[in-house]
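S.K.: One structure coming up, written as structure tokens, with questions to follow.
The values are calculated or read from the model by the stated rules, or taken from the named source; none is laboratory data. Note that this is a predicted model, so its numbers are computed, not measured. Methodologically, a virtual Cβ is constructed for each residue, glycine included, from the backbone with ideal geometry; neighbour enumeration extends over all protein chains shown.
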């Protein structure tokens with residue numbers, strides 16, 4: 001049994017909120033430029049603001065969490081920040097549990113959250129998979145907790161047989 005999940009911000013309310021914030025700013029900059037309130041450097045200012053807004057929007061639109069759970073362990077990557085797969089075998093995971101919470105309040109919002117002792121990859125989902133390794137605690141958003149629960153129970157049986 002394998003659980004493959006992909007989380008992105010595309011099509012969520014966050015993308016529309018960003019557009020609703022960026023468009024009035026860009027329109028205001030264009031109006032100020034056309035009325036002459038930006039001076040001779042108006043086109044440069046409008047271009048810089050447009051490039052920054054487009055780059056920020058494209059960055060948020062391309063953030064993707066890919067999560068794979070199988071009987072051997074967990075593997076994930078978070079593009080564009082972590083392009084290679086980071087893998088944990090079932091033996092490396094000391095504790096794993098699934099909670100029914102969206103993770104917004106517990107981990108401080110959506111996106112990638114990093115601390116010395118934890119990493120949280122929070123997207124728009126109703127469940128969180130928390131794992132504890134010897135170095136840190138990780139939290140991942142989950143869409144399908146039922147299959148993940150089955151794999152966690154399989155890990156527990158597998159590691160107790162090996163010990």
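S.K.: What do you reckon, is residue 97 in contact with a helix residue (DSSP H, G or I) (Cβ under 8 Å, 6 or more places away or on another chain), outside the structural domain of residue 14 (by TED's automatic domain parsing) and either at pLDDT below 90 or farther than 22 Å from residue 9 by Cα (or both)?
M.R.: So residue 97 fits the description; yes.
S.K.: Now, a different point. What pairs come up if the first residue lies in the range 1-21 and is in the same structural domain as residue 69 (by TED's automatic domain parsing), the second is in a strand (DSSP E or B) and surrounded by fewer than 10 Cβ atoms within 10 Å (Cβ to Cβ), and their beta carbons are under 9 Å apart, counting only those six or more places apart or on different chains?
M.R.: Within 9 Å, no pair qualifies.
S.K.: Right, next: So how many residues does the range 38-87 have that are surrounded by 15 or more Cβ atoms within 10 Å (Cβ to Cβ), out of contact with any strand residue (DSSP E or B) (no Cβ under 7 Å at 6 or more places or on another chain) and free of Cβ contacts under 8 Å to residues at least 24 places away in the same chain?
M.R.: Qualifying residue count for the region: 4.
S.K.: Still on this structure: Report yes if some residue within the range 103-111 is touching a helix residue (DSSP H, G or I) at 6+ places or on another chain (Cβ under 9 Å), at pLDDT below 90, surrounded by 12 or more Cβ atoms within 10 Å (Cβ to Cβ) and over 23 Å from residue 152 (Cα atoms); otherwise report no. Steps first, answer last, please.
M.R.: Pass one, the range 103-111, residues touching a helix residue (DSSP H, G or I) at 6+ places or on another chain (Cβ under 9 Å): 110-111.
Within this subset, residues satisfying the condition of being at pLDDT below 90 are 110-111.
Keeping just the survivors that are surrounded by 12 or more Cβ atoms within 10 Å (Cβ to Cβ) gives 110-111.
Going one step further and asking which of them are over 23 Å from residue 152 (Cα atoms), we end up with 110-111.
Yes - at least one qualifying residue is present in the range 103-111.
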